[in-house]
2 protein chains.
Amino acid sequence: MANAFNGKVPDALGEGRQLLLERPHASACRSAIRRQRHFSPAGGARHMNSFGEPLRLLGWITGADAEQLDQLARERVADFAPREDIVSEGDPPQFMHAVLRGWLCHYKALPNGRRQITGFSLPGDICDERVFLIRQMDHSIAAVTNATVGLIDRHRLQDLMGRRPRLQQAMARQSYLRLSMQREWLVSVGQRGAIERLAHLLCELHLRLEAVGQAEPDSCEMPLTQSEIAEATGLSTVHVNRTLQELRAANLIVLRDRTLQIPDLRALREAAMFDPSYLRCGDKDVPGNG
Amino acid sequence: MANAFNGKVPDALGEGRQLLLERPHASACRSAIRRQRHFSPAGGARHMNSFGEPLRLLGWITGADAEQLDQLARERVADFAPREDIVSEGDPPQFMHAVLRGWLCHYKALPNGRRQITGFSLPGDICDERVFLIRQMDHSIAAVTNATVGLIDRHRLQDLMGRRPRLQQAMARQSYLRLSMQREWLVSVGQRGAIERLAHLLCELHLRLEAVGQAEPDSCEMPLTQSEIAEATGLSTVHVNRTLQELRAANLIVLRDRTLQIPDLRALREAAMFDPSYLRCGDKDVPGNG
DNA sequence: CGGGCAGTTGAATCCAATCAAAGCCTGTGG
DNA sequence: CCACAGGCTTTGATTGGATTCAACTGCCCG
């Protein structure tokens with residue numbers, strides 16, 4: 001129970017694996033809400049539930065540190081529907097967010113109406129490990145699937161971190177990892193062609209999911225919409241569609257029913273020019289990278 | 001002398017302003033060196049000199065913290081020629097680098113020969129505030145102009161930071177700022193057209209230079225090559241050329257002799273969809289943003 | 001004077017965006 | 001149970017922005 005695993009994959013909660021997709025994009029009660037200010041005001045968490053994935057952060061910390069953070073993350077949780085904003089650009093951040101279930105995306109909207117997804121947060125990820133440094137969010141975070149998020153009070157967190165330097169270092173690690181991913185995305189969008197770009201995104205997501213025990217070596221969930229993939233890669237929706245078909249035709253991926261299968265991981269990674277070292281955070285090995 | 005200014009612009013070393021360009025791109029002794037492993041091995045700093053810009057970091061710290069860091073940064077310095085690698089991808093980082101003079105660029109090279117510049121480091125910037133977290137550089141840092149860099153031993157730094165929590169927080173700030181810029185670049189490359197992209201880059205550089213007292217309200221140095229601009233924006237060199245001409249034609253910029261003049265800052269920023277808040281690091285005001 | 005590099009220009013090509021419309025699947029409501 | 005709506009996917013036709021290839025200028029420097 002105590003999440004005292006150390007670096008390697010926590011395959012423990014394997015049960016949680018299929019949870020992601022129970023109701024993918026059920027356009028649900030609230031219809032196509034964009035940039036909604038929702039966000040449970042002090043105690044207004046909508047559902048409480050206790051399942052969820054262990055925080056990846058915990059791979060970097062152990063013992064009392066880990067338990068405290070884990071407990072803090074599960075103390076107050078909220079559920080979000082697809083497309084719902086968890087925090088919006090300009091909001092004063094109250095909580096740090098830990099993904100317990102589902103996928104989130106980070107995005108920035110432009111005055112011309114377009115938006116760029118700048119990253120995804122998967123189960124076990126901390127979204128905004130630097131909240132206590134800022135007064136206003138400089139980007140938005142939204143749910144991609146149905147998601148459960150742990151809300152960690154920024155002051156209590158700051159407090160805890162003051163008392164636990166290892167926790168602080170773990171946050172720094174998470175922060176570094178995010179920067180590293182951001183950089184790689186920029187390289188992708190700036191220098192890679194459409195096929196490579198898509199392949200690269202899929203490789204990254206697969207590897208990250210595998211790292212938290214949510215993927216098989218040759219497959220994983222893929223709840224993303226083609227238009228979300230487009231917003232993440234800087235392509236148009238139709239071109240994403242056509243490019244995916246190319247990848248299918250080349251037998252590099254099998255993608256249906258929101259499930260991604262990878263017949264030949266090595267081939268896909270080669271096509272993507274995917275070098276997993278940017279996910280290694282400097283000195284940790286990432287599982288599943290040959 | 002003690003760099004105890006607080007947030008606002010240090011216009012003190014105004015003398016340093018023109019230094020940037022004395023020998024811009026003097027292809028110098030060492031010719032077109034790419035990804036060179038150079039890097040002074042323990043004590044091999046080539047030139048010692050004592051001038052340079054105050055570290056921007058110091059805007060977030062004061063007193064003894066500031067002095068210590070500043071001293072540490074100037075204790076051992078090295079000069080680099082344009083295009084020379086300061087650290088290369090894969091290198092085990094020994095030092096943290098502080099820019100004292102000149103411009104650096106961060107880049108990642110791809111197997112297909114292309115490369116993406118992921119950011120610039122200007123005088124006063126810390127390049128790699130997270131060195132002590134990693135065993136291998138996940139990207140390279142090179143000099144763009146002639147540059148003087150302070151080399152800060154990672155262990156001594158880590159030591160110092162352990163004893164000075166405010167310093168640690170300042171590093172976290174720098175780290176956050178870099179992430180924020182990285183994100184904005186991704187938005188740029190992913191969603192903005194060529195004109196906006198270039199305009200945006202110019203706006204960012206101008207504002208950042210102004211923040212360290214190296215720019216006038218309507219002009220700044222621009223030592224970047226068109227091909228470097230291309231690598232930073234994900235465009236081709238020729239297209240950068242043509243796009244710059246468009247900007248000139250629209251009277252948004254005047255760019256010659258490695259100097260950028262901005263006749264109408266408001267207009268340029270509008271054309272770029274430039275919102276300076278991403279450089280504000282959450283709660284600090286950035287000077288010169290109207 | 002020649003070499004190298006940055007900048008410029010033109011022509012041809014291509015990758016990707018845009019416009020438009022149809023097919024599909026799912027949930028909803030009569 | 002069927003009709004309908006809405007969101008996602010797919011396809012075709014067209015446009016356009018950006019790349020590529022190539023050549024030429026001007027400049028600094030040896």
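The values are calculated or read from the model by the stated rules, or taken from the named source; none is laboratory data. Fair warning: this is a prediction, and the values are worked out from it, not measured in the lab. Using ideal geometry, Cβ is built from the backbone for each residue, glycine included, and neighbour counts are taken over all protein chains shown. Note: accessible area is taken over every heavy atom of the protein model, side chains too, but ligands, DNA and RNA are not part of it. Shrake-Rupley method; radii C 1.70, N 1.55, O 1.52, S 1.80 Å.
Enter the buried accessible area of the A/B pair, total of both sides, probe 1.4 Å, in Å² rounded to the nearest 100.
Interface area, both chains combined: 4100 Å², rounded to the nearest 100.
Considering every residue in B:129-142, what mean count of other chain Cβ atoms within 10 Å of its Cβ is obtained?
Across the residues of B:129-142, the mean count of other-chain Cβ atoms within 10 Å is 4.
How big is D for the range A:192-279, in µm² s⁻¹ as a whole number, if Stokes-Einstein is applied with the Kirkwood radius of its Cα pairs at 10 °C and 1.306 mPa s?
124 µm²/s
Can you give me the solvent accessible area of B:R154 with a 1.4 Å probe, rounded to the nearest 10 Å²?
Here the accessible area works out near 40 Å².
Measuring from centroid to centroid over Cα atoms, what is the spacing of the range A:198-233 and the range B:69-112 in Å?
34 Å
Give me the percent of Cα-Cα pairs in the range B:95-216 that sit more than 16 Å apart, rounded to a whole number.
Percent of Cα pairs beyond 16 Å in the range B:95-216: 68.
Report, for A:R258, each distance to the same residue's label point in the other copies, shortest first and in nm; define the point 7 Å along Cα→Cβ.
5.6
Using a 7 Å offset from Cα along the direction of the beta-carbon, what are the separations from A:Q68 to the same position in each other copy, nm, ascending?
2.3
Evaluate peptide A:104-111: per residue, the Cβ atoms of other protein chains within 10 Å of its Cβ; return the mean as an integer.
Per residue, the number of nearby Cβ atoms from other chains is 3 on average.
Which order do A:H139, B:H239 take when ranked by solvent-accessible area (1.4 Å probe, heavy atoms of all protein chains), largest first?
Per-residue accessible area, sorted high to low, gives B:H239, A:H139.
Mind grabbing the accessible area of B:K108 for me, 1.4 Å probe, Å², rounded to tens?
20 Å²
Kindly write out, for the range A:247-257 in residue order, the coupling ³J(HN,Hα) from the Karplus curve 6.51 cos²θ - 1.76 cosθ + 1.60 (θ = phi - 60°), rounded to whole Hz, with x marking Gly and Pro.
4, 5, 4, 7, 6, 8, 9, 10, 10, 8, 6
Using Cα pairs closer than 8 Å and at least 6 residues apart in sequence, work out the relative contact order for the range B:193-279, in percent.
39 percent
What is the mean number of Cβ atoms from other protein chains located within 10 Å of the Cβ atom of each residue in peptide A:176-183, rounded to a whole number?
Rounded to a whole number, the mean comes out at 6.
Quick one: which residues, 5+ away or cross-chain, put their amide H under 5 Å from the amide H of B:T259? H built at 1.01 Å from N.
B:M222
Once the label point is placed 7 Å from Cα along Cβ, list for B:I195 the distances to the corresponding points in the other copies, in nm, shortest first.
Counterpart label points of B:I195 in the remaining copies fall at 3.4 nm.
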